[in-house]
Amino acid sequence: MDLHSEMMAIGNRAVVAARKLAGLAVQKKNRILCAMADALEERGDRVLEANNRDMDAARNAGLSGAMLDRLELNSSRVEAMANDLRAVSKLKDPVGKEISHWIRPSGLVIRKVRVPIGVIAVIYESRPNVTADAAGLCFKTSNAVILRGGKESIQSNKEIVDALQAGGAKKGLPDDSVQLITTSDRDAVRELVQLEDCVNLAIPRGGEALIRAVMEHARVPVIKHYKGICHTYVDKSADPAMALRISENAKCERPAVCNAMETVLVHRDVAQSFLPELARQLGARGVEFRADEKARAIVPEMKPATEEDWSTEYLALILSVKVVESIEEAIEHITKYGSKHSDAIITQDEAAATVFFNEIDSATVYWNASTRFTDGGEFGMGAEIGISTDKLHARGPMGLEELTTYKYLITGSGQVRD
């Protein structure tokens, strides 16, 4: 079977599965999710053995530290995947929820209700946890899912999907509800996102190159974010201890993820006192600073920033630093260089925070909190399937509701249109 025929077969099987899933009762879906979680834990040793093989191959291939961090599993991460599935089972199912209803003068009763999207393709790199997260969220919302992970995580993904399928089958998981594309042929992605008659939505998760490649070939709708260039603006009225604590967390807690801070902007009125403390505290964590001339005049040890630095997603312990004259300059900088992902203001001035909230056009905007909270779990959604910087139809962390669409159900009593 050639690649096109293989992908068509996968797509057609997913369409059949999606029809079966549409009528699955929520109680049954929850039992299946818990069985998936149990199987994942029971097969944890096999998952870790497979992940070790992936890690060895990735190191030999010279993958970056950021990619290795995303790829690596341990017992606690496997347990977290299982617990995320259980958490999803406890969340309210949006499928069938009535959004609104009204009665027309003709007597027609019109209801707008949430329904599954249908078949969702999730294309991602490195992170094996996405396999379980995507499968769980799509299944809970009665969507069939086609998973295409990177070749660097193929062994891990196979074991995870095997566990999900085996566990789910014990409680009635419909065949082909969760499918994994195992070929390493790059053309598989192109074929997948061109299955207009089968795939209703594609969600790429990974580096900018992967996402742009998906967008270039896609004939189906795509929800995405290209990169996470997240900013923290330290306003002139910021509490300095709070600003340091948030900056350290946003940069250092896990630098290789999309919600980590890449640039800190500091108001000139507090730069003289704040920047030396920032350099000392974050420097002790191994952070390298790339700063504009105003910042370097205060902390000469900082390296000079280039124009490219302001638009770079480092995914490493590197931080761009800029001194700004005003909140307006901070907003202009974020508007020019940001990626509309997550941006924060640290201030005690509510009026300044309101301006920042209103004028920063990002999916998530924070006041006195770390950008690291941009996460479906932290938002109370359970495991997330991704973060969108689009405006239609989903934005920010994507949980259950974002994996549904709606349709109109109209009930009459014999009405015909005049």
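Assorted remarks:
- Translational diffusion of the chain, estimated by Stokes-Einstein from the Kirkwood radius over alpha carbon pairs at 20 °C in a medium of 1.002 mPa s, is 93 µm² per second.
- Here the chain is assigned +1 on the Cβ of each Lys and Arg and -1 on the Cβ of each Asp and Glu. Its dipole about the Cα centre then comes out at about 1620 debye.
- The mean sequence separation of alpha-carbon pairs under 8 Å and at least six residues apart, normalised by the residue count of segment 309-398, gives a relative contact order of 22 percent.
- Distance from segment 359-395 to segment 321-356 (C-alpha centre basis), Å: 17
- Separation of the alpha carbons by more than 18 angstrom is noted, of 29/158; 29/391; 303/336; 224/340; 251/294; 236/336, for 29/158; 29/391; 303/336; 251/294; 236/336.
- Report note on the peptides 138-149, 202-213, 349-360: ranked by the mean count of other C-beta atoms within 10 Å, highest first, their order is 138-149, 202-213, 349-360.
- Of 406, 335, 356, farthest towards positive along the dipole that unit charges on Lys, Arg, Asp, Glu beta carbons give segment 328-418: 406
- Taking segment 227-249 and a reference point 7 angstrom along Cα→Cβ of residue 268, the backbone N atoms nearer than 14 Å belong to 236.
- Cα gyration tensor shape of segment 230-373, rounded if a/c is under 1.5, else prolate or oblate by comparing a/b with b/c: rounded
- Using a cutoff of 8 angstrom between alpha carbon atoms and counting only pairs six or more residues apart, the relative contact order for segment 230-373 works out to 34 percent.
- Counting only DSSP beta bridges with both residues in the chain, the antiparallel share comes to about 30 percent.
- Cα-projected label distance for residue 42 with residue 60, points at 7 Å along beta-carbon direction, nm: 3.3
- Reducing segment 62-103 and segment 191-232 to their Cα centroids gives an inter-centroid distance of 19 Å.
- Along the axis of the charge dipole computed for segment 207-249 (Cβ charges of +1 for Lys and Arg, -1 for Asp and Glu, origin at the Cα centre), the listed residues 232, 247, 222 are led at the positive end by 222.
Each reported figure results from applying straightforward, stated rules to the coordinates on display, with no laboratory input. All figures in this text were calculated on a predicted structure; none of them were measured in a lab. A quick note on method: Cβ atoms are made from the backbone with ideal geometry, for glycine too, and the neighbour counts reach across all protein chains shown.
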